[in-house]
Structures are given as structure tokens and as C-alpha cells.
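Bear in mind these aren't lab numbers, they're just calculated from the coordinates by the rules spelled out. Quick caveat: nothing in here was measured; it's all calculated off a predicted structure. Backbone-built Cβ (ideal geometry, glycine too); neighbour counts: all protein chains shown.
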Amino acid sequence: MNRHIVFILILIFNISATYAENNNEYNKIIENLRCLVCQNQSLSESDSNLAKDLRSKVKSMLDSGKSEKEIYKFMSDRYTDYVLYNPPLKKSTFLLWYGPFLILVISIIFLIRFSGKSEKSSFKSKFVNNDNEKLKINSPKKNKKYFYLIAFLFIPVLTLSIYSYSSEYMRYKISYYFESKDPIIDITITIHNDILTNISGNEVLFVYARRSNGMRVPLAIDIFDVTKSKKNYNVRLDNTMSMIKAQTLASADEVIVEARISKHKKAMTMPGDFIGTSGAFKIKSSNYIMLKINSVVKEE
Amino acid sequence: MIHKLSVLPISIFLVILYFLFSGLSKDPTLIPSPLIGKPVPEFSSTTLFEKKTITNTDLLGETYLLNVWGSWCYGCSIEHDFIMDINSKKTIKIYGLNYKDKRFAAINWLEKKGNPYKSIIFDDTGSIAIDFGVYGAPETFLINDEGIVIHKHIGPIDQAYYKKIILPVIEK
């Protein structure tokens, strides 16, 4: 009897141990894979549908006994090395891996050669000008020497710092800074009380800006889950939220903002949707509007 | 006086600066497909309407477009008119890969908007799409008669895509 219990305990312990091991490996792999549709997030962080699918793919591959390497290869065969956070060492990525060190080594070689030369020349000048004029002649040379010393020390440091700036996160930050002049629209949405009582909690809220004339394609769109109790929503639409590349907030002069609660969760306006529409307004770099969802879309 | 050695660090710096700045203007969300020049990944699924088995070998023999779409996908409804338009020219066959959709929703969508596809591969789990390296619908693959992927387009296709990408291939 006792023996059986021990056996079962060992079995349970073993299973949970392998499970934990597998889980660790799983977590490590999804940390090392990039989510493709959301920048600067790994598969483990992202909540996008594709990330969920790829996570479950990783899990099923692990469960079927595939190694970490095989999984990375599977992913990069389909989504290129871009999907890997640690790009492999190849011909095309050689500079990426060793470039900074190469520059460091080259500049150190230059530094040593150069400083040697200038010392010799200053020695010479010491011998030649062994009189009162020594200081006058020497000091500009010395200055020059320090200038190059600093310059050559500066290059590797600068290179390394630029290199770190070229990381994706920093690039994102920098490009955000440059693009921050693009228009944003801040919107406070209030749902009318009568509509709020009709909300079941299964709806979604579409908030989008479109041109006041012409194409109805949203220039920027965001989607939220609606809850029964929430009356106000604060939303910011910006240039990155467009659906088509050329159709962004920055490309329009006059826009209309609409907030629509959809039971069917459809991008198209359907009868029975609750809607609030702003008047047309000229778009500036920073806009603020208040929107009331206070009407129902009627049958066409 | 500028020493000739001081030109070197400055020029190195400028070159690095150039590459970094050219990197800023690239769209990091566009990922080139590693599939180009390679055969279509193997798959086996059912068709959307008839629920018949369809595999990658069924599509061999002629150049075709493979359009990844879903009824939930807004970009797909934008490009749909163009796809109908391309189909009406009868110059190239178009197959659909119905991506992470529900059968009734997809059929409903097509009945409303028209069906430009010769046949539609139903991929509700998205596993075929993963093999194709799809990361968001709509995406369109141009595949030749030997089943080799020639081109991949991400996002809604338009008239320019037809003229620039499809026409040169058909006219060959």
C-alpha cells in the first residue's frame, strides 16, 4: 500500500517537474519571438490574435517534442529572421554583430599608432628647441595631440551609443518624436443614459474619424469593449491608426468623428447601432472634441 | 588647418548617420516573405462552399492569385471591389484563403458582396495561414503554374497592383 503511494507521488512529481520544465522552455521561446503585428512586443506580451495563434503553435510543437531550435527555424522560415529577437549570425548580419567591435578595434589601432607618432615628434621638438621658445612651439602640438586622442576615443563611444539608439525601441521613440507633429484627436465620449440601459455588455465601441466629404474609409479607428456601467470613454486617435497607408489623419483637412456601439461587432453601420457624430471640423495638430452617443441607426 | 586624419571619423560618423536615418523612413511593419521563389507550402483543407478536400496540388497548372481574407477583416471589404474587377477581366484565376472565419459568416459576406474566387480554402484555425507566413489579412500571393510563389502583397490590393505586378506576369 505504502509502496503504491510512493510510486504515485513520484509519478506526480515527475509529471509536474517535466511540465514545469516544458513551461519554462515555452516561456523562454515566446519571449524570444517577436509579435509581428505589434511593434516592440514579444509573443508572450502581445494579446493580438496572431500572437495567440503562434503561442499555441509553439506550445503544440513543444508538446510534440520539437526542440527550441526547430521552433525558431519553423518561425523564421515563415516570417523571416525578423521574428527572432536574436538574429542569427550570418553573412548579412555579420556587421550587426561585430561592427561596433570592429570599429572599436580599428580606432584603438589608429589611436596607438597616432599617439606614438606625435610623441616622437614632440620629442624631436624638445631636442631641437632646447631653449626658451620650447613652450610656445610645444603647446599647440600638445593641444593637437589631445584633440586627436579625444576624437579617437570619442568615435567608439559614439558608435556604440548610436548603435544602441538604433535598437528598435529607440527607433520607435525617435520616429515618434519626429512624427509627433502629426495630428491627434482627443475625444471624450459620453453615452446617453437611455442608451446605457440598453447595453448588455456584448457590444463593441468603434471610434473613428473619416473625411467630411468623399471616402468613408476611416482615417483612424479604435475599438473598445463596452461594459454596462461605463458611461464615459476617453479616446485618442492618431496617425498610426489608419487602415490604409495613404489614408491617415494627416492626409485630410476636414474630418468627422463618429462613435458607434455595435451589437454585431461589425465595421459597417447596421440598423440598431447606437451612434454619436461630431460636426465636420478642420483638423489641427491637436484637437479635442466631446461626443455624445445619443441616437439609434434606423433601418434603411 | 584640418588634419587629414580628422576627415576619417567625421566621414564614418556621417555614413552611420545616413544609414540610421534611412532606417527611420522604412516601414518596419512590412516584412518580406521568405516564401518568394519557393513552392507553396503543403496544405490540405476543405473548400468553403462544397466542403470538398482541397490540397496544394489541386492548384497547380496555372498562374493564380491566392487572396487571404476574412469576413471580419475591414481591409478585405475595401479591396473586394478590385478583386471582383480583376476576376471580371478573366485573365487570372483567383483562389481565396478564408482566414480565421466562420463558415456561415464567410458565405454570408460573399453572397452580399459577390464571389470572385474560383475556390476557397477554409482555414478557420489559421494554421495554413501560419505556413504561408500570413500576419494579417488581407494578403495576396501571386503563384505561378509550377506552384512557386512569385510575389506577396500585404494590405488591400488596388489597380496599381494589377498593372504593376499581375499584368507583366500574365503577358509573359
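Exposure proxy shown here: for A:Ile108, A:Ile191, the number of other Cβ atoms within 10 Å sets the order, fewest to most, as A:Ile108, A:Ile191. With a Förster radius of 41 Å applied to the C-beta separation of A:Phe101 and A:Asp47, the computed FRET efficiency comes to 0.60. A Cα-only calculation for the stretch A:184-296 places Rg and Dmax at 13.4, 39 Å.
Counting every other Cβ atom within 10 Å of each residue's Cβ, B:Thr125, B:Thr63 order from fewest to most as B:Thr125, B:Thr63.
Taking every alpha-carbon pair under 8 Å whose residues sit at least 6 apart, chain B reaches a relative contact order of 28 percent. I'd like the orientation of helix B:103-113 relative to chain B: the angle between its Cα long axis and the longest Cα principal axis, in ° from 0 to 90, rounded to 10. Tilt relative to chain B: about 80 degrees. How are the alpha carbon pair distances in chain B distributed across 5 Å bins from zero to the largest one, expressed in percent? Binned Cα distances yield the sequence 1, 8, 16, 19, 17, 12, 6, 4, 4, 3, 3, 3, 2, 1, 1, 0, 0. Could you check the simple spin-label distance between A:Ser64 and A:Glu254, using points 7 Å along Cα→Cβ, in nm with one decimal? Distance between label points: 5.8 nm. Split chain B at each of the GluC sites (Glu not before Pro) in a DSSP loop with at most 12 other beta carbon atoms within 10 Å, and the longest piece is B:63-145.
Listed by chain and number, the aspartates and glutamates whose C-alpha is less than 14 Å from the C-alpha of A:Lys73, apart from same-chain residues fewer than 8 away, are A:Asp81, B:Asp131.
Size check on the stretch A:224-263: the Cα extents along the three principal axes, sorted descending, read 37, 18, 16 Å. Counting only DSSP H runs of at least 4 residues, each contributing -39500 (n - 2.57), and dividing by the residue count of chain B, the helix-based mean residue ellipticity at 222 nm comes to -10500 deg cm²/dmol.
Taking the 0 to 90 degree range and rounding to the nearest ten, how far is the long axis of helix B:4-24 tilted relative to the main principal axis of chain B, both from C-alpha atoms? The helix B:4-24 is inclined about 20 degrees to chain B.
Our summary of shape: the Cα atoms of the stretch B:123-172 have principal axis extents of 36, 25, 13 Å, ordered from largest down, in whole angstrom. Pairs of lysines in the stretch A:184-296 whose Cα atoms sit within less than 26 Å of one another amount to 21, provided the residues are eight or more positions apart or on different chains. Distances between placed amide hydrogens fall under 5 Å for B:Lys93 paired with B:Leu65, all partners being 5 or more residues away or on another chain. Let me make sure I get this right: for the stretch B:43-108, a, b and c are the square roots of the gyration tensor eigenvalues over alpha carbons, sorted descending. Under 1.5 in a/c it's rounded, otherwise prolate if a/b > b/c, else oblate. Which is it? Verdict is oblate for the stretch B:43-108. For the stretch B:75-139, the gyration tensor built on C-alpha atoms gives a prolate shape. Its axis ratio a/c (a ≥ b ≥ c) is at least 1.5, and a/b is the larger of a/b and b/c. Here's how it looks for A:Ser42: its modeled amide H is under 5 Å from those of A:Cys35, which are all 5 or more places away or on a different chain. Between 0 and 90 degrees, the angle of helix B:74-89 with respect to the longest Cα principal axis of chain B falls at about 70 degrees.
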